[in-house]
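No value in this document is a laboratory result; all are computed from the given coordinates. In this text, all values refer to a predicted model and were calculated from it rather than measured experimentally. Quick reminder, even Gly has a Cβ in these numbers, built from the backbone with ideal geometry, and neighbours come from all protein chains shown.
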């Protein structure tokens, strides 16, 4: 049996402001360009409130931004650029286009540069109009794309009324992490207004903030959930382990006291 091989991919774990007191999330966007396509992984216009994500680590002094992309895994076959055009919504005057470009933080990676590192978590701090921002990412030498879908299954106890209305649903967190890095990637955080509702006899797909990951092929991927009903009752708490593949699907279920979550991962090595 021939060994399976993935492809070089980039995973952006987190983007967070550093230095100074905590403040409102930045306006603007974070874009990634890989030679194949440009993708927006964060965007906030200032018209709608953006929600930061509190890290589970007490060592994290600032809030990370809620990333919503990419929609396809980021290729590392050639050059990769991460552009951070972030600013404070309270700025009264819009900068000129020249100054705007000068203050857009940029992280670049080149496959032809011998000093570039693979399979290592890298944190870079860049200056933006919002202030210094730290980006944590990794360039993976042998990786696959993982498309994650999480379905909430609720069970109505005998004599208990079914959840009704848009406010009834799930609150909590869903994160993913490769055992190579032990760094969390936030997929869902219901503490900031995201919620999902399932009828007592059915199921619903939880709206993940991001669903596409680049994961090392040879290391297990953990998906961890801590989900509760609005009342505080446990729905499902625990973790599931998946072994990445170059193609196919894996489906596993995490069962809790008052429900379950089903996690489906579709693998792609192309």
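Most tightly packed first, judged by the mean number of other beta-carbon atoms within 10 Å of their residues, the peptides 136-144, 237-245 read 136-144, 237-245.
With each label modelled as a point 7 angstrom along the Cα→C-beta vector, the residue 258-residue 29 pair spans 4.1 nm.
Assuming R0 = 22 Å, can you tell me the calculated FRET efficiency for the pair residue 4 and residue 72, based on Cβ-Cβ distance, to the nearest 0.05? Don't skip to the answer; put the middle values down first.
Details: r = 20 Å, r/R0 = 0.93.
Rounded to the nearest 0.05, the efficiency is 0.60.
Note on 184, 234: ascending count of other Cβ atoms within 10 Å places them as 234, 184, the fewest first. Approximating the spin labels as points 7 Å out from Cα along Cα→Cβ, the residue 124-to-residue 205 distance works out to 3.3 nm.
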